[in-house]
There are 2 protein chains.
Amino acid sequence: MPTYTAPTRDTRFIVNELLDLASYGNLPGFESATPDMIDTVINEAGKFCAEVLAPLNKIGDEHGCTRHDDGSVTTPPGFREAFEQYRESGWGTISQPEEFGGQGMPHVLGFVIEEFSATANQAFAMYPGLTTGAAAALQAQGSDEQKATYLPKMISGEWLGTMNLTEPHCGTDLGMIRTKAEPNGDGSYAITGTKIFISSGEHDLTDNIIHLVLAKTPGAPDSTKGISLFVVPKVLVNEDGSLGARNGVSCGSIEEKMGIHGNSTCVLNYDGATGWMVGEENRGLAAMFVMMNAARLGVGIQGLAQAEVAYQNAVAYALDRRQGRALTGPAELEEKADPIFVHPDVRRMLMDAKAFTEGHRALCLWAALLVDLTHKAQTEEERDEADALLGLLTPVIKGYGTDKGYAVATDMQQVFGGHGYVEEWGMSQFVRDARITQIYEGTNGVQAMDLCGRKLPSKGGAAIQEFFKLAGEEIGAAKEDEELAPLAEKLEKALGEQQAATMWFMQNAMQNPNHLGAGAHHYMHVMGIVTLGLMWLRMAKVAQEKLAGEPEDKIFYEAKLATARYYMDRFLPDAGALRRKLEAGADSMMALGEEAFATAA
Amino acid sequence: MPTYTAPTRDTRFIVNELLDLASYGNLPGFESATPDMIDTVINEAGKFCAEVLAPLNKIGDEHGCTRHDDGSVTTPPGFREAFEQYRESGWGTISQPEEFGGQGMPHVLGFVIEEFSATANQAFAMYPGLTTGAAAALQAQGSDEQKATYLPKMISGEWLGTMNLTEPHCGTDLGMIRTKAEPNGDGSYAITGTKIFISSGEHDLTDNIIHLVLAKTPGAPDSTKGISLFVVPKVLVNEDGSLGARNGVSCGSIEEKMGIHGNSTCVLNYDGATGWMVGEENRGLAAMFVMMNAARLGVGIQGLAQAEVAYQNAVAYALDRRQGRALTGPAELEEKADPIFVHPDVRRMLMDAKAFTEGHRALCLWAALLVDLTHKAQTEEERDEADALLGLLTPVIKGYGTDKGYAVATDMQQVFGGHGYVEEWGMSQFVRDARITQIYEGTNGVQAMDLCGRKLPSKGGAAIQEFFKLAGEEIGAAKEDEELAPLAEKLEKALGEQQAATMWFMQNAMQNPNHLGAGAHHYMHVMGIVTLGLMWLRMAKVAQEKLAGEPEDKIFYEAKLATARYYMDRFLPDAGALRRKLEAGADSMMALGEEAFATAA
């Protein structure tokens, strides 16, 4: 049986020592996040996820969800009880606004809980996870009445929420949706259509499910400019807040998927269901992006999640399993063989995993701080700056984070050899669960185009210039330090590759936009590599400072420095190769027509 | 439902135009491989695999194999009948020796059939596939009586064979095996022990199964120098060749695996089963390597296989699925959206797949020709040269071929977006099936060490020097040609990276063997990239020559040239990054002790 321990020491390092969250006490909501409170939240959330959610992970994979003839869905054994505990403990309310019953604490702590729960049990974490996005959309665009009706119960976990975008013939291209919303004359609409791939679309965890649904009103423009957003509760809500009649939405089937079996991925049939418009008519896409941006960061965290749990289990296996001898001579002569931990190729995979998970955790929590600053920083300039940086980092966190997270989970399965391929050990599940993160909430190809086609050129490139400035300054400062200089110099080279790639886009993409499309994936990876490098430079700096004070857990800080060195040695070189691929442009990529791809007999 | 068409045009290009197989007519066995015969074998084998084996692939995944209480195993519906057809058609006998009932034709054609069958249905192809390795071991090391008893029926497919190496506590480190072989006094041995992960270990396809089993005789040295190989038939064979009593070997359970569900992966319990030693006592490892080398090439072909079928289905989907518009403006104005084929990021993944599968196919079939030359070339020098080159290429074909094959299959799943993640479309199966190829017959970490620790230094580096010479000469010749020069120059640079990496190993690995272990994976990938580059240079040259003759299928040859350019643009840059990682050495990789990997709470 695979195991999971929440990496609370590393999380406290990032939150307290790297981000120094307590120093933001002057921001609203942050005053309650005292050092004691921060540590308590991290430690208790970690305990809860490891003890309550993790043991259900494999059960969820094996049992999956069951749809009954009446369209109702049963979640895997234990999920209901665990959700009850999750709800009662209030873990989902930590960073939600106080006016709707949340605890109003920093998003940094909310992200910590998202990580721990997704790592312990991704399929489970998706039930409350998608609700966060749905609630964010209602909060941003809903009417006061809608907010009052739905938000307190969604935030408390009494009800859960979903996001309904995809239809059988359209996913990325939402301008093509066919679901109709016809006015009922009383302010409500009759929603009719079929939505697919709806995560947590139907289940037995709560009495009501609040669906947020994209649909088209009669005569709406035939494009993304003709989409509106509707709130459609599974059970209609009476004026006094009590539950009324069942609405006309039902689960037609559950998808059989490669992984995340514990989450019910539904086909939802809307058959004249009653819904209410959220925000303005034909402006549904903007509302959708509110949900989407929150969801994309959540998926980026999931990229970390499966890599982390797979890594923990691979470390345990590598220390336990004995095969062969160390290349430098037997390490444990009294045993018939050494633990495979001694083999460089095993260590390579473990170090890759350690460098990625710790680096990506730092990045995700920095992004969480930016979410907070976007809303709460004291000046408009600071808020705008945080917003621009967050917009730039979001596709990188989602796209690079899940590509690399999947690769790391696969490597950790590799550490197990044949035992990794049989389901018994649980490593296959981590890989199968991780695979969806590269696909949902916008495939990673969509993330790459969001980064390169939208975020890079936005406001004359202000955000990327800000990123370059910030990275350049930190590198410059680190170069002044003897110990950090070798790390900083390598990072400077990789940053130079990114800057050159950016310049190449500027000089070539206007003339042929396919050059941008052809290099977007490479660019996203270059930026991911550089950004994690920046996290490692920051972590090395903090570790160095702490070590000067002769701390008790010297090993922890020394490992940070050694892992930073490994990261610069083994991750950064790819930046140069990616830049060369990007600069090859679209010509050889787009040279061939359809007929050249046919398999000729 | 996924589909498969055997890429017979490409295969004929490689066999006839690139390798020019008919020109080897002076070698024994090759005289029957006339141009007509070659085309007939390729075309008919392709038809058989596409029509008979491919339709059973998803059925095999869904049904899996069933073990009954008596230990017998039922294969998925249709497998028995398909195997009957496979046996009757003689596809398995093409390149087997005539003295045991084979057709004695070149291995090149045998490899073609291995590819088509593994692509159509990997789980099915493994039943006859492992028999090939078992038969090779018997042929190389068995007594005349053993050969006469087993080989004709194994080659005809009347019986199938298995390879029994792994035990619960040991896989890679075979010196640790515990299975015992005690002399019965009549020349036979009583075999007792447990073997796991035995592919095709028990099934209903044939009346008998011939197990080749590694075991230890009493008092044998406690290392790989104490292993002997035994032949242990499931049903004992009477002197007249008829079947006798059931032997003491039984299937204890079937593993639940991530993929290849259609193949029965068994725990086999040997309970005093009667076996006969194959070859000399304590020399079982040498015999095992005969099986293993054949099996490793077979697995390298499987790396190609799942990438190929996933690619074919992704092309069809990309041409059918409409989402969004081309970046350069709508391609099909009369439709609501363009096929996703127009998007550069989709094309990037398809071109990666095309460049890999066609390049790796050329490499595998070149290796098959080397297998033939190893046995049949006219001078000892030619035979030795072929053998050295084949030894060098085998771990690259297996290790790089399956790492990249898995990555390509995963990319092809990505082309499908959410539809790739649901089992209905079949893309998940290709990825799940492909995943085992990186693990079995020696994990890819083992392949990397075989390449760098054994093959590189062997005979003073003669094989790698020969490879450099051969690649250097072809590059030099191509640089003389105006059209090929840009390709050749890029390849020359990548070859230079490999040469520098080789030199770095020579200068550093003696002093610290961990430097070799730390870079072996990177080296294997550098060599894979360079070797496929060499294949593309060769293919470009042939395509150029053909185009000069104004051929009918101009599109085919033009696509070869365009794909060669793409390969040089998009695959070769990684060679430089891998060299830089390799030259970082073992220090930062091995710096941390066990305690630094513990998850601290």
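The values are calculated or read from the model by the stated rules, or taken from the named source; none is laboratory data. In this text, all values refer to a predicted model and were calculated from it rather than measured experimentally. Heads up, the Cβs are rebuilt from the backbone with ideal geometry, glycines too, and the neighbour counts pull from every protein chain shown. Heavy atoms of the whole protein, side chains included, go into the accessibility calculation; ligands, DNA and RNA do not. Shrake-Rupley method; radii C 1.70, N 1.55, O 1.52, S 1.80 Å.
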> Treating the beta-carbon of each Lys and Arg as +1 and of each Asp and Glu as -1, no other charges, what is the dipole magnitude of the stretch B:287-447 about its Cα centre, to the nearest 20 debye?
Replying inline: 420 debye
>> How far, in nm to one decimal, is B:Asp240 from itself in the other copies if the label point is set 7 angstrom along Cα toward Cβ? Shortest first, please.
In response: 9.3
> For chains B and A related by rotation, which residue of B has the Cβ nearest the axis, and what is the rounded distance in Å?
Replying inline: B:Ala577, 2
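Kindly provide the Kirkwood hydrodynamic radius of chain B in Å, to one decimal, from all pairs of distinct alpha carbon atoms.
So the Kirkwood estimate lands at 25.2 Å.
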> What is the Cα centroid distance between the stretch A:297-315 and the stretch B:190-227, reported in whole angstrom?
Replying inline: 38 Å
> Considering only A:Val15, B:Gly585, B:Phe124, whose Cα is most displaced toward the positive end of the charge dipole of the protein assembly as shown, charges sitting on Cβ of Lys, Arg (+1) and Asp, Glu (-1)?
Replying inline: B:Gly585
> Could you give the angle, 0 to 90 degrees to the nearest 10, between helix B:462-479's Cα long axis and the longest principal axis of the Cα atoms of chain B?
Replying inline: 20 degrees
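For the stretch A:73-175, which GluC sites (Glu not before Pro) pass both filters: DSSP loop (anything but H, G, I, E, B) and at most 15 other C-beta atoms within 10 Å? Walk me through the numbers before you get to the answer.
Numbers: sites: A:Glu81, A:Glu84, A:Glu88, A:Glu98, A:Glu99, A:Glu114, A:Glu115, A:Glu145, A:Glu158; in loops: A:Glu158.
Answer in residue order: A:Glu158.
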>> Checking an interface number: how much accessible area is buried between A and B, summed over both chains, with a 1.4 Å probe, in Å² rounded to 100?
In response: 8900 Å²
> Expressed as an acute angle from 0 to 90° and rounded to the nearest 10, what is the orientation of the C-alpha long axis of helix A:79-89 relative to the principal long axis of chain A?
Replying inline: 80 degrees
>> Placing unit charges on C-beta atoms (Lys and Arg positive, Asp and Glu negative, everything else neutral), compute the dipole magnitude of the protein assembly as shown about its Cα centre in debye, rounded to 20.
In response: 780 debye
> In square angstrom, what is the accessible area per residue of the stretch B:287-447 with a 1.4 angstrom probe?
Replying inline: 25 Å²
> Using a probe of 1.4 angstrom, how much of the accessible area of the protein assembly as shown is carbon and sulfur, in percent?
Replying inline: 49 percent
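Which value in deg cm²/dmol, rounded to the nearest 500, describes the helix-derived mean residue ellipticity at 222 nm for chain A, given -39,500 (n - 2.57) per DSSP H run of n ≥ 4 and division by the residue count?
So the helix-based figure for chain A works out to -18000 deg cm²/dmol.
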> Taking every DSSP beta bridge that has both residues in the protein assembly as shown, what percent is antiparallel when rounded to the nearest 5?
Replying inline: 85 percent
> At B:His375, label 7 Å along Cα→Cβ: distances to the other copies, nm, ascending?
Replying inline: 7.2
> For the Cα atoms of chain A, what angle does the longest principal axis make with the long axis of helix A:122-141, in degrees from 0 to 90, nearest 10?
Replying inline: 60 degrees
>> With the label 7 angstrom out along Cα to Cβ, how close does A:Glu256 come to the same site in each of the other copies, in nm, nearest first?
In response: 1.5
>> As an exercise, identify the GluC sites (Glu not before Pro) in the stretch A:191-266 lying in DSSP coil whose Cβ has no more than 10 other Cβ atoms within 10 Å.
In response: A:Glu239
>> Rounded to two decimals, what is the ratio between the C-alpha radius of gyration of the stretch B:287-447 and 2.2 N^0.38 Å?
In response: 1.28
> Given the pairs A:Lys455/A:Lys541; B:Lys493/B:Lys541; B:Lys404/B:Lys493; A:Lys354/A:Lys490, which span a C-alpha to C-alpha distance of over 23 angstrom in this model?
Replying inline: A:Lys455/A:Lys541
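Can you tell me the alpha carbon radius of gyration of the protein assembly as shown divided by the globular rule-of-thumb value 2.2 N^0.38 Å?
After normalising by residue count via 2.2 N^0.38 Å, the value is 0.93.
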>> Nothing charged except the Cβ atoms of Lys and Arg (+1) and of Asp and Glu (-1): what's the magnitude of the dipole of chain B about its Cα centre? Round to the nearest 20 debye.
In response: 1260 debye
>> Greater than 32 Å separation of Cα atoms is the criterion. Which listed pairs, A:Lys225/A:Lys581; A:Lys581/B:Lys469; B:Lys58/B:Lys546, meet it?
In response: A:Lys225/A:Lys581; B:Lys58/B:Lys546
>> Averaged across B:337-347, how many Cβ atoms of other chains sit within 10 Å of each residue's Cβ atom?
In response: 6
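Give the relative contact order (percent, whole number) for chain A; include only Cα pairs under 8 Å separated by 6+ residues.
Relative contact order here is 12 percent.
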> Mind checking which aspartates and glutamates have their C-alpha under 14 Å from B:Lys336, skipping anything on the same chain fewer than 8 residues away?
Replying inline: A:Asp173, A:Asp222, B:Asp320
